[in-house]
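The values are calculated or read from the model by the stated rules, or taken from the named source; none is laboratory data. Note that the coordinates shown come from a computational prediction; the quantities given were computed from them, not determined experimentally. The area values use the complete protein model at the heavy-atom level, side chains included, leaving out ligands, DNA and RNA. Shrake-Rupley method; radii C 1.70, N 1.55, O 1.52, S 1.80 Å.
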Amino acid sequence: QVHLVESGGGLVQAGGSLRLSCAVSGLTFGTYALGWFRQVPGKEREFVARISRTGTITAYADSVKGRFTISRDNAKNTVYLQTNSLKPEDTAVYYCAAERFGRASSLLRDYDYWGQGTQVTVSS
């Protein structure tokens with residue numbers, strides 16, 4: 001059974017940082033591309049960042065480019081999202097996701113497995 005478990009969310013002041021983690025089990029981690037998405041109540045879930053199987057290729061939403069960094073540790077079956085210079089508009093539930101064909105897509109529909117999410121709240 002596949003599990004993705006996010007952690008590291010919390011309440012932080014604007015300008016602060018958080019490191020989100022997503023521990024993955026039940027699949028061959030190194031063969032999956034991974035992504036982070038976020039969702040605010042009443043809005044659609046949106047792409048934040050993605051990373052290829054080997055970690056050599058990454059991509060970001062324009063809204064987080066230069067502030068967030070996605071990385072992965074294939075030995076620990078974990079993907080990370082380092083979030084810096086946080087803004088109130090970054091407040092959302094953050095989800096990690098795994099995509100079996102390694103396409104490192106920005107599209108929700110391409111992802112096969114999802115975690116339950118971790119709340120990030122940025123106060124002004």
Item to check | Of Lys87, Lys76, Lys43, the one that fluctuates the most in a GNM where the chain has Cα springs shorter than 10 Å | outcome: Lys43
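With contacts defined as alpha carbon pairs under 8 Å and 6 or more residues apart, what's the relative contact order of the chain in percent? The partial results should precede the final answer.
Working: 322 pairs, mean separation 44.4, N = 124.
This gives 36 percent for the chain.
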Item to check | Volume per residue of the C-alpha convex hull in region 2-62, rounded to whole Å³ | outcome: 124 Å³
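Of all the accessible heavy-atom surface of the chain, with the other protein chains kept in place and a 1.4 Å probe, what percent is carbon and sulfur?
Values: 3000 of 6300 Å².
It is 48 percent, rounded to a whole number.
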Next on the checklist: Checking the cross-link filter: which lysines have an alpha carbon closer than 23 Å to that of Lys43, excluding same-chain neighbours under 8 positions apart?
Outcome noted: Lys65, Lys87
Checklist entry - Classify the chain: rounded, prolate or oblate, from the alpha-carbon gyration tensor (a ≥ b ≥ c, eigenvalue square roots; a/c under 1.5 rounded; otherwise prolate if a/b is larger than b/c)? => result prolate
